[in-house]
Amino acid sequence: MTNVISNEPAITPELIAEHGLKPDEYERLRKLIGREPNFTELGIFSAMWNEHCSYKSSKIHLRGLPTKAPWVIQGPGENAGVIDIGDGLAVVFKMESHNHPSYIEPYQGAATGVGGILRDVFTMGARPIACLNALSFGDPQHPKTRHLVSGVVAGIGGYGNSFGVPTVGGEVRFHRRYDGNCLVNAMAVGIAEKDKIFYAKATGVGMPIVYLGSKTGRDGIHGASMASAEFGADADEKRPTVQVGDPFSEKLLLEACLEIMAKGCVIAIQDMGAAGLTCSAVEMGAKGDLGVTLDLDKVPCREAGMSAYEMMLSESQERMLMVLKPEKEVEAEAIFRKWGLDFAVIGETTPSRRFKVRHGNALMADLPIKELGDEAPVYDRPHVQAPLRPVIDAASIEPPIPIAGTLEQLIGSPDLCSRRWVWEQYDHVILGNTVQRPGCDAAVVRLNEGPKALALTSDVTPRYCEADPCEGGKQAVAEAWRNLTAVGARPLALTDNLNFGNPERPEIMGQLVGCIRGIGEACRALDFPVVSGNVSLYNETNGRAILPTPTIGGVGLIDDFTRSMTLAFKAENESILLVGKTRGWLGQTLYLREVCGREDGAPPPVDLAAERRHGDFVRGLIHDGLATAVHDVSDGGLLVALAEMAMASGIGAVLQGAANRIPAHAFWFGEDQGRFIVSARRSDIAAIERAAGSAGIPIARLGATGGAVLAIDGERPLPIEILKRRFEAWLPDYMSAVT
């Protein structure tokens with residue numbers, strides 16, 4: 001450093017700690033640069049080396065995930081994953097978290113989470129066509145839960161609806177372990193021409209680095225650092241670190257970026273997300289093995305007197321950084337000015353492999369760029385696996401209430417009731433390509449005019465992951481695979497969002513390691529690679545961690561959207577079949593929790609070979625036109641799934657119970673994996689059963705459709721309309737209650 005920065009604070013142990021750097025990490029920093037950093041440099045290192053940006057606790061474990069397949073164009077390591085779907089088209093998709101900001105300021109936290117993930121997709125050259133989200137909230141009785149639900153849902157809807165992309169699916173859960181730390185995982189999906197994908201790797205020396213989009217302000221400073229720390233009693237004091245989004249500016253940014261890409265102006269492009277200008281500039285330079293010099297005097301700012309530290313760490317929204325072809329500068333600027341957006345050349349690429357930042361007459365930072373981008377600490381943290389939980393003998397569970405009453409209680413419970421109150425606040429039909437709306441096994445979105453369509457889902461069962469992380473990781477992938485299969489799609493690839501507590505605690509690190517191992521096993525067995533993702537750690541408050549929540553976002557392909565399958569019964573007098581074996585597994589089920597008041601036992605095991613056989617068989621039935629409705633069996637078990645099919649259609653069913661020794665409550669509400677309910681015309685049943693026998697697929701007749709009630713052997717009939725009222729009532733009643 002040749003300049004002395006006189007107006008910056010001195011580096012003290014307290015200041016280092018405030019920036020989330022441990023003493024040994026600070027010493028590593030000093031050795032890498034050969035001197036003491038200044039204040040701006042400390043901020044830059046803290047941004048690049050925090051957990052949110054560097055993956056320092058998870059990186060060594062993530063390397064074991066399968067990421068390749070013939071159809072994978074780009075796996076993890078870019079803004080989003082890319083897969084080939086034929087006809088010259090590619091799907092670009094990713095999921096990310098905005099958990100901490102959404103707890104502090106739910107509307108803006110959720111809104112900017114949507115904005116950030118959309119930028120990750122269109123930075124790659126793709127036009128977004130759909131969004132999904134996975135939301136985890138605390139106990140409904142907690143004083144803050146209703147406020148968080150209201151704000152988060154409004155934020156997602158406010159941003160997505162205004163931007164003009166349909167929100168087509170997702171999930172919502174409630175559990176007391178999320179009381180102090182809600183989870184907001186946002187997923188975006190886009191379509192691009194497969195030979196016109198744009199990457200973040202800078203190439204060429206002396207290339208102009210261009211700032212695009214909205215102006216820089218003081219919002220979001222230390223946002224990435226906040227996301228890498230657990231909450232304490234001061235959570236509300238962190239409100240200023242939450243960014244403020246403008247979806248209308250983002251829409252303009254989308255159109256301007258796609259236009260300059262089409263004009264051949266772009267060498268490399270990166271959105272300014274976590275850690276803002278710092279992360280985007282460093283990543284582009286480091287990936288290209290180049291240096292970067294920035295002149296902050298040229299950065300468009302909306303607030304006067306911003307320091308270099310503030311500009312480098314700001315997480316103001318709707319901004320991009322681009323390496324531009326020099327001969328295209330005038331053309332690119334004209335495009336951005338046309339769209340009413342800022343365009344400023346703020347630096348250039350250099351051969352030095354140094355990251356230099358100038359402001360005023362001072363050199364504010366002069367750092368080795370590879371060490372910033374690639375040399376963050378990587379930890380193999382101690383981890384322990386929790387003891388395996390005992391398998392619960394279903395016969396030992398005395399049912400508290402009859403089967404019919406149990407179904408009524410379950411479908412009106414927080415985790416199984418209708419999410420209509422949520423998804424009706426989202427525009428799920430804008431762009432006119434939504435074939436299946438929220439509430440089905442997977443969303444279906446037509447591509448252009450068809451006939452191809454994408455199937456999209458997000459899935460995880462956190463209670464399984466806590467009881468047995470490896471089995472829980474397997475199950476999350478398997479359920480996503482089943483949900484895509486149930487609508488007739490061929491599962492292609494997934495993105496993940498791994499939400500866990502403090503990795504410095506061996507038991508939490510054990511959850512992360514176990515879930516990643518299970519995810520990897522399932523992906524390999526199902527030929528379902530991971531192409532992008534996000535890790536969100538330190539999700540805990542006052543030492544109490546969330547349930548381990550490795551959300552899986554799955555993408556599948558349907559060759560003809562007119563043949564996609566729904567879960568609603570189609571006609572009366574059709575046969576109902578169960579594909580897959582039922583053992584009556586009650587450990588970790590919603591029956592056990594909601595009806596028996598227990599949260600114990602081992603979760604249901606996942607037989608990945610059986611999952612694949614059963615899914616391929618069901619997909620074949622759909623393709624051959626033999627199935628009229630399909631629904632996977634998951635939370636709540638068999639009778640809940642049947643009720644959902646009946647409520648979706650208004651057609652009842654006459655059902656027969658287990659023809660074996662499984663207790664009735666375990667048969668109807670057990671959560672055995674690898675199962676589908678299929679309805680079919682009676683004339684096709686013999687052919688289906690022959691095909692199942694030839695393939696070694698367990699299949700059983702459950703009854704027939706018809707009437708306006710669910711009629712179960714030995715139980716009082718349940719009118720579909722009454723079930724539907726209970727199903728639809730809980731969430732709107734809860735949200736409208738006076739606090």
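I want to confirm something. Restricting to the stretch 699-723 and keeping residues that are assigned to a loop (DSSP other than H, G, I, E, B) and small (Gly, Ala, Ser), which single residue is farthest from CYS417 (Cα to Cα)? Among those residues, the one meeting the criterion is GLY714. The set of residues in the stretch 74-98 being more than 20 Å from the chain's Cα centre (by Cα) and assigned to a strand (DSSP E or B) consists of ASP84, ILE85, GLY86, LEU89. Filtering the stretch 257-285 to residues that are part of a loop (DSSP other than H, G, I, E, B), of a type in the set (Gly, Ala, Ser) and touching a helix residue (DSSP H, G or I) at 6+ places or on another chain (Cβ under 6 Å) leaves GLY273, ALA274, ALA275.
Say we look at the stretch 385-397 and pick out the residues that are touching a helix residue (DSSP H, G or I) at 6+ places or on another chain (Cβ under 9 Å) and in a loop (DSSP other than H, G, I, E, B); which of these is nearest to ILE712 (Cα to Cα)? Don't jump to the end; show me each part of the working.
Looking only at the stretch 385-397, we keep the residues that are touching a helix residue (DSSP H, G or I) at 6+ places or on another chain (Cβ under 9 Å), and these are 385-386, 388-389, 392, 394-395, 397.
Then drop every residue that is not in a loop (DSSP other than H, G, I, E, B), which leaves 385-386, 388-389, 392, 397.
Details: GLN385: 42, ALA386: 40, LEU388: 36, ARG389: 33, ILE392: 25, ILE397: 21 Å.
Residue satisfying both the conditions and the ranking: ILE397.
When the stretch 26-60 is filtered for residues that are without any contact (Cβ under 8 Å) to a residue 24 or more places away in the chain and of a type outside the set (Lys, Arg), the ones remaining, listed by number, are TYR26, GLU27, LEU29, GLY34.
If the requirement is being out of contact with any Asp or Glu (no Cβ under 6 Å at 6 or more places or on another chain) and at pLDDT below 95, which of these qualifies: THR167, THR216? Give the steps one after another, and end with the answer.
Numbers: THR167 fails: at pLDDT below 95.
Answer to the check: THR216.
Report yes if some residue within the stretch 179-193 is touching a Pro at 6+ places or on another chain (Cβ under 8 Å), under 30 Å from TRP339 (Cα atoms) and of a type in the set (A, V, I, L, M, F, W, C); otherwise report no. Checked the stretch 179-193: at least one residue is touching a Pro at 6+ places or on another chain (Cβ under 8 Å), under 30 Å from TRP339 (Cα atoms) and of a type in the set (A, V, I, L, M, F, W, C). Picking from residues in the stretch 286-300 that are at pLDDT 95 or above and outside any loop (DSSP other than H, G, I, E, B), the one that is surrounded by the most Cβ atoms within 10 Å (Cβ to Cβ) is VAL292.
Can you name the residue in the stretch 93-136 that is aromatic (Phe, Trp, Tyr) and crowded, with 24+ Cβ neighbours inside 10 Å and is also farthest from LEU324 (Cα to Cα) among such residues? Before you say what the answer is, go through the steps one by one.
Keep residues of the stretch 93-136 that are aromatic (Phe, Trp, Tyr), which gives 93, 103, 107, 122.
Within this subset, residues satisfying the condition of being crowded, with 24+ Cβ neighbours inside 10 Å are 93, 103, 122.
Working: PHE93: 24, TYR103: 38, PHE122: 17 Å.
Residue satisfying both the conditions and the ranking: TYR103.
Determine which single condition GLU521 fails, assuming it passes every other condition in (1) open to solvent by 20 Å² or more (accessible area, probe 1.4 Å); (2) within 16 Å of the chain's Cα centre (by Cα). All conditions are met except number (2). Can you find, within the stretch 487-507, the residue that is surrounded by the fewest Cβ atoms within 10 Å (Cβ to Cβ) among those that are among the aliphatic types (A, V, I, L, M) and in contact with a Leu (Cβ under 8 Å, 6 or more places away or on another chain)? Result: LEU492. Filtering the stretch 374-402 to residues that are closer than 20 Å to GLU27 by Cβ and open to solvent by 30 Å² or more (accessible area, probe 1.4 Å) leaves ASP374, GLU375, VAL378, TYR379, ASP380, ARG381.
Screening the candidates ALA332, ALA362 for the property of being open to solvent by less than 60 Å² (accessible area, probe 1.4 Å), touching a Leu at 6+ places or on another chain (Cβ under 9 Å) and touching a residue at least 12 places away in the same chain (Cβ under 8 Å) yields one hit, ALA332. Scoring ARG675 on the criteria (1) farther than 12 Å from VAL579 by Cα; (2) buried (at least 18 other Cβ atoms within 10 Å of the Cβ) leaves a single failure, condition (1). Would you confirm, using the coordinates I've provided, whether VAL422 is modelled with pLDDT of 95 or more, under 35 Å from the mean Cα position of the chain (by Cα) and open to solvent by 30 Å² or more (accessible area, probe 1.4 Å)? Spelling it out, it is not the case that VAL422 is modelled with pLDDT of 95 or more, under 35 Å from the mean Cα position of the chain (by Cα) and open to solvent by 30 Å² or more (accessible area, probe 1.4 Å).
One line per residue, one yes/no per condition, for (1) basic (Lys, Arg); (2) more than 24 Å from LEU416 (Cα to Cα); (3) assigned to a loop (DSSP other than H, G, I, E, B):
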site	(1), (2), (3)
GLU671	no, no, yes
ASP684	no, yes, no
GLU728	no, no, no
PRO732	no, no, no
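Write out, first by first residue and then by second, each pair whose Cβ atoms fall under 6 Å of each other, whose residues are 6+ apart or on separate chains, and whose first residue, in the stretch 117-138, is among the charged types (D, E, K, R) while the second is crowded, with 24+ Cβ neighbours inside 10 Å and assigned to a strand (DSSP E or B). Between residues of the stretch 117-138 that are among the charged types (D, E, K, R) and residues that are crowded, with 24+ Cβ neighbours inside 10 Å and assigned to a strand (DSSP E or B), the close pairs are ARG119/ASP271; ASP120/LYS94; ARG127/GLY190.
Looking at ALA602, ALA568, ALA610, can you tell me which residue is part of a loop (DSSP other than H, G, I, E, B), hydrophobic (A, V, I, L, M, F, W, C) and touching a Gly at 6+ places or on another chain (Cβ under 6 Å)?
Details: ALA568 fails: touching a Gly at 6+ places or on another chain (Cβ under 6 Å); ALA610 fails: part of a loop (DSSP other than H, G, I, E, B).
One residue alone meets the criteria, ALA602.
Find the residue count for the stretch 349-359, including only residues that are more than 28 Å from TYR26 (Cβ to Cβ) and open to solvent by 80 Å² or more (accessible area, probe 1.4 Å). Steps first, answer last, please.
Just the residues of the stretch 349-359 that are more than 28 Å from TYR26 (Cβ to Cβ), to begin with: 349, 351.
Subsequent filtering for residues that are open to solvent by 80 Å² or more (accessible area, probe 1.4 Å) retains 351.
Residues in the stretch 349-359 being more than 28 Å from TYR26 (Cβ to Cβ) and open to solvent by 80 Å² or more (accessible area, probe 1.4 Å): 1 in total.
Flag: LEU416 matches the condition of being assigned to a loop (DSSP other than H, G, I, E, B) and open to solvent by less than 20 Å² (accessible area, probe 1.4 Å).
State all residues of the stretch 623-644 that are part of a helix (DSSP H, G or I) and open to solvent by 10 Å² or more (accessible area, probe 1.4 Å); if no residue qualifies, say none. Listed by number, the residues that qualify are HIS623, GLU644.
Filtered by the rule that a residue be open to solvent by 10 Å² or more (accessible area, probe 1.4 Å), of a type in the set (D, E, K, R) and part of a helix (DSSP H, G or I), the stretch 28-50 gives ARG28, ARG30, LYS31. Only a single criterion out of (1) over 17 Å from ARG675 (Cα atoms); (2) outside any helix (DSSP H, G or I); (3) open to solvent by 10 Å² or more (accessible area, probe 1.4 Å) is not satisfied by CYS470, namely (2).
The values are calculated or read from the model by the stated rules, or taken from the named source; none is laboratory data. In this text, all values refer to a predicted model and were calculated from it rather than measured experimentally. Cβ coordinates were reconstructed from backbone atoms using ideal geometry, including for glycine residues, and neighbour counts include every protein chain displayed. Only protein heavy atoms, including side chains, enter the accessible area calculation; ligands, DNA and RNA are left aside. Shrake-Rupley method; radii C 1.70, N 1.55, O 1.52, S 1.80 Å.
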